[in-house]
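Taking it in order: structure first as structure tokens, then the write-up.
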Amino acid sequence: MMRFVSKLDLQRDFAGLVLLIAVLAALFAPLNSALAQGLAGAGAQPSEITTAEGTIVSDAGAEGRIIENVVVEGNERIEVSTIGAYTLINVGDAYTAETADLALKRLFSTGYFADIVVEMRGSTLIVRIVENPMINRVIFRGNSAFDDDDLTEEVELRPRTVFTRAAVQADVQRILEVYRRGGRFSADVDPQIVQLPQNRVDLVFQINDGPKTGVRRINFIGNEEFSDRRLRGIVATEESKWWKIFSSNDNYDPDRITFDREQLRRFYLSKGYADFRVVSSVAELTSNRRDFFVTFTIEEGEQYRVGNVEVVTELERLDNDFLRRLIPITEGELYNANFIDSGVDNLTFMAGVNGYAFVDVRPRVRRNREEQTVDLTFEVNEGPRVYIERINIVGNTRTLDRVVRREFRLVEGDAFNRVLVERSRSRVRGLGFFENVEITEEPGSLPDRTVLNVEVTEQATGEISFGLGFSSTDAYVFDLSITERNLLGRGQNLRLSLQLSARTRQVDIRFTEPYFLGRNLAAGLDIFQVRNDFVESNFATETSGVGIRLGFPVSEFNRVGLRYTVRQEAIDPDDGYCTPSRWTDDRGTEDTNDDIVTLPVVCLREGTTWLSLAGFTFSSDHRNDPVQPSGGYSFSVQQDVAGLGGDIHFSRTEIDTRWFYSPFQRGFLEDVVFSLRGSGGYVFDWGTDDGLRTNDRFFKGGASFRGFEPSGLGPRSTLARTALGGRVYGIGTAEIGFPLPTPESLSLDGAIFADVGTVGLVTDGDIGGPGQRAFIQDDLSMRASVGISVFWSSPFGPVRLDFAEVLAREDYDVVETFRFSGGTRF
């Protein structure tokens, strides 16, 4: 039979079943939880995540767990507190995967660790590390092309720094870059590690220099107006040739190629090609990896001429027409971009001279491609007042900063003045310590601030110089001197001079401190001993002494020097030379048969004397460049007085003046410099009737009067055949210097010179009395010589050759047709 159940009954039964299940679940819940935890503990494994920085390990349920303890394992040198500071995790913090990963990354970024593991075990955070070793030494092996010192300056790893593989690979690339710059593209660097106790290592860079990569050929594509040969003379890179043993530009250098592109651009812009551009520069390595083929692809464009040129200014003290004459550009001539820079410099300088220290000169260039002309407008406006925020000096690897700064006419905080900036540059160049000095400006931290960057290139200041001359009487004249003009980078001057010849043996030590006691006061000490052997005259002179010097400026261009010298002088005739019988003249008088004894003057001066000499020099220097002047003048006058103590009394005055002028301001003749020089002197004795000693008179010749040997012109004794020197002299020199038409790499210059002047005037007292006059030749006649000079800036040092032809002389003068002088620097 069937039983029918109502809907209401079903609902009551279902509700009861649900209630029964809920009661049972509540009763067995603790048991289920314990069982679940037991099963989890028995079957679940800790999670492990490995990253590039290290490894993170955590057990199940670690996320959010409170850290009750932090343990550091494996550290040897690094303190636990330091490691904890990097993790940024403290006791009481909640552990999360994100904080563990952040701690791992921070520890890895220090570079101190080779391996890192961060593990959360229960409520303890464990940081397990392996420290990177400490570098004991950095060693270079196999490097013959570069010294260890050169490579040490390039790498960043040093002894007592932490070793990391990334840093080693970075230094490998730096070493390879050094070799590439030196033209060695086949160089190979293999870093090696030598394990040492206490987690230290020796880092060894095993280097294979490889062959030097040269430049087999430099090609140009697209050049129609200028030949490949002409353009090869413009770029700095040179083709490798066997005879270029001293050249450093015949290897491939990508940085030099970039410079060559700029050189080509400047060259074409100076020739009127305003649209010129370098399309590409490609270097192809030969199959044997020993040479490169370098190819420049260029577009010359059309040649432009100068159209209208004008100067526009509203400054009251400046005249437009006058300013226009300062611009070295003529309408109708070929356009030359270099002259624009010259025009801007001239206008800026003239504005500064007229009181406008802050001017803004802006050249406006407008090209007219249809007429192929370039119109130029120079706008001269008064700029805002600008102050010097900072002066940076870079490139002085040897010279101290203060040596450069004390030559500046400006200091930080001063108002910017271009005239004083140029004057400062000239003064720094005048030190002679730097091959090049450039001063550039860059904006400061505020609109009215500017920063001056002084970029200098150190040059050798130590010199070993020598001179060698040939004459008709002396087989040789050899001079040797060792000079350090920048001692220890302090600007001090130390000179040791040794002179050896048939006449002279000299030792001369001079020391100069240009800023004595930190003031603009030069102080010097001289110690010297000189022995002159007049072989043909049968006597010698020997001088020993000491001197002190002081010098100080009295204005920007004028200077005064003071000096005092005390010395002992001796004249020593040869044995038997002054025997009366040797000089007996049988010209007796009618009343007596006594012979006349006429001793040479050196016999009358035989003996030792003391000299006390005080003097001063006033000099004025208005040259535009103290090293290679092309304009301006200089003047000096010297006055010495002997007799403030000692045995000798005389007064001596000398004057010297020079003038320079460059008649051609542009073109290939712009380096031609015309110069004039005039010098003269007069000396007289006082308080004595004995006249002047021989070595107190003037002797000229050699470098002071080319064409004559040293002491080769002037009064001379026919009896002893020796130069006597004169009380007065005057010499004038005209010279034209110019670069020789040779490759620029040879660094050859030439000069045409003419010397004219005279030396003479000796009194009876000078020569030992009137009886000696018959044996003295003393004519104040004019002498003259002409010749050519060749200057070579050789890899060993400066070399000078003088070839002279004497046009006017006396029969008793001694000529010197060729003179050589040279030296080397260190």
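The values are calculated or read from the model by the stated rules, or taken from the named source; none is laboratory data. Predicted, not measured: the structure shown is a model, and the values here were computed from it. Glycine also receives a Cβ, built like all others from the backbone with ideal geometry; neighbour counts cover every protein chain displayed. Accessible surface areas use protein heavy atoms only, side chains included; no ligands, DNA or RNA. Shrake-Rupley method; radii C 1.70, N 1.55, O 1.52, S 1.80 Å.
In whole percent, what relative contact order does the range 234-330 give with Cα contacts below 8 Å and a gap of six or more residues?
Numbers: 103 pairs, mean separation 18.5, N = 97.
In percent, rounded to a whole number, it is 19.
If I model a spin label at V799 and L676 as a point 7 Å from the Cα along the Cα→Cβ vector, what separation in nanometres do I get?
Roughly 3.5 nm, to one decimal.
I need the peptides 390-397, 564-571 ranked by packing, meaning the mean over residues of other C-beta atoms within 10 angstrom, with the highest value on top. Please report the intermediate quantities before stating the final value.
Working: 390-397: 14.8, 564-571: 17.9.
Descending packing order for the listed peptides: 564-571, 390-397.
Might you report the magnitude of the Cβ-based charge dipole of the range 267-364 about its Cα centre, with Lys and Arg at +1 and Asp and Glu at -1, to the nearest 20 debye?
Numbers: 10 positive and 16 negative charges, 67 e Å.
Here the range 267-364 has a charge dipole of around 320 debye.
If the viscosity is 1.306 mPa s and the temperature 10 °C, what Stokes-Einstein diffusion coefficient in µm²/s follows for the range 644-688 when Rh is the Kirkwood radius over Cα pairs?
On the way: Rh = 14.2 Å.
Result for D is 112 µm²/s.
With N residues in the range 312-408, what two-decimal value do you get for its Cα radius of gyration over 2.2 N^0.38 Å? Write out the running numbers ahead of the final one.
Numbers: Rg = 17.9 Å, N = 97, 2.2 N^0.38 = 12.5 Å.
Here the answer is 1.43, to two decimals.
On alpha-carbon atoms, Rg over Rh for the range 675-806 using Kirkwood Rh?
Details: Rg = 18.5 Å, Rh = 16.6 Å.
We get a ratio of 1.12 for the range 675-806.
Consider all pairwise Cα distances in the range 48-123 and report the whole-number % of them above 18 Å. Display every interim value, and only then the final one.
Numbers: 983 of 2850 pairs.
Within the range 48-123, distances greater than 18 Å cover 34 percent of Cα pairs.
Can you say what percent of the DSSP beta bridges in the range 126-205, counting only those with both residues inside, are antiparallel? Round to 5.
Details: 7 of 13 bridges.
Approximately 55 percent, going by the DSSP bridge assignments.
When the Kirkwood radius is taken over all Cα pairs of the range 659-720, what Stokes-Einstein diffusion coefficient follows at 37 °C and 0.692 mPa s, in µm²/s? Intermediate results must be reported in sequence, preceding the final value.
On the way: Rh = 15.6 Å.
Answer from the Stokes-Einstein relation: 210 µm²/s.
Ignoring ligands, DNA and RNA, what percent of the 1.4 Å accessible area of the range 189-268 is carbon and sulfur?
Roughly 48 percent of what the probe reaches on the range 189-268 is carbon or sulfur.
Taking each pair of different alpha-carbon atoms in the range 123-258 once, compute 1/r for the pair, average those values, and report the inverse of that mean as the Kirkwood hydrodynamic radius in Å to one decimal. Display every interim value, and only then the final one.
Numbers: mean 1/r = 0.0557 Å⁻¹.
This gives a value of 18.0 Å.
So how do 522-533, 60-71 stack up, highest first, on mean other-Cβ count within 10 Å? If you can, show how the numbers build up before the last one.
Values: 522-533: 17.0, 60-71: 13.3.
Highest to lowest by the protection proxy: 522-533, 60-71.
Using only alpha carbon pairs under 8 Å that are at least six residues apart, calculate the relative contact order of the range 318-391 and give it in whole percent. Could the numbers behind the result be given before it?
Working: 76 pairs, mean separation 17.1, N = 74.
Contact order relative to length: 23 percent.
Among bridges DSSP assigns within the range 274-417, what percent are antiparallel (round to 5)?
Values: 20 of 27 bridges.
Once the DSSP bridges in the range 274-417 are tallied, antiparallel ones form about 75 percent.
Could you give the accessible area per residue of the range 703-756, probe 1.4 Å, as a whole number in Å²?
38
May I ask you to derive the relative contact order of the range 615-758, considering only C-alpha pairs under 8 Å and at least 6 residues apart, and to give it as an integer percent? Kindly include the intermediate steps, with their values, before the conclusion.
Numbers: 299 pairs, mean separation 24.4, N = 144.
So the answer I get is 17 percent.
Given the peptides 82-94, 782-794, arrange them by the average over their residues of other C-beta atoms within 10 Å, most packed first.
Details: 82-94: 13.9, 782-794: 17.2.
Averaged packing, sorted descending, gives the order 782-794, 82-94.
Consider just the alpha-carbon atoms of the range 355-456 and return their Rg together with their Dmax, both in angstrom.
17.2, 56
Restricting to the range 308-386, what percent of DSSP beta bridges are antiparallel, rounded to 5? All intermediate terms of the calculation are to be shown ahead of the outcome.
Working: 10 of 15 bridges.
If we restrict to bridges inside the range 308-386, about 65 percent are antiparallel.
Using Stokes-Einstein with the Kirkwood hydrodynamic radius over Cα pairs, what translational diffusion coefficient do you get for the range 129-192 at 37 °C and a viscosity of 0.692 mPa s, in µm²/s rounded to a whole number? Intermediate values should be presented prior to the final figure.
Numbers: Rh = 12.6 Å.
This corresponds to a translational diffusion coefficient of 261 µm²/s.
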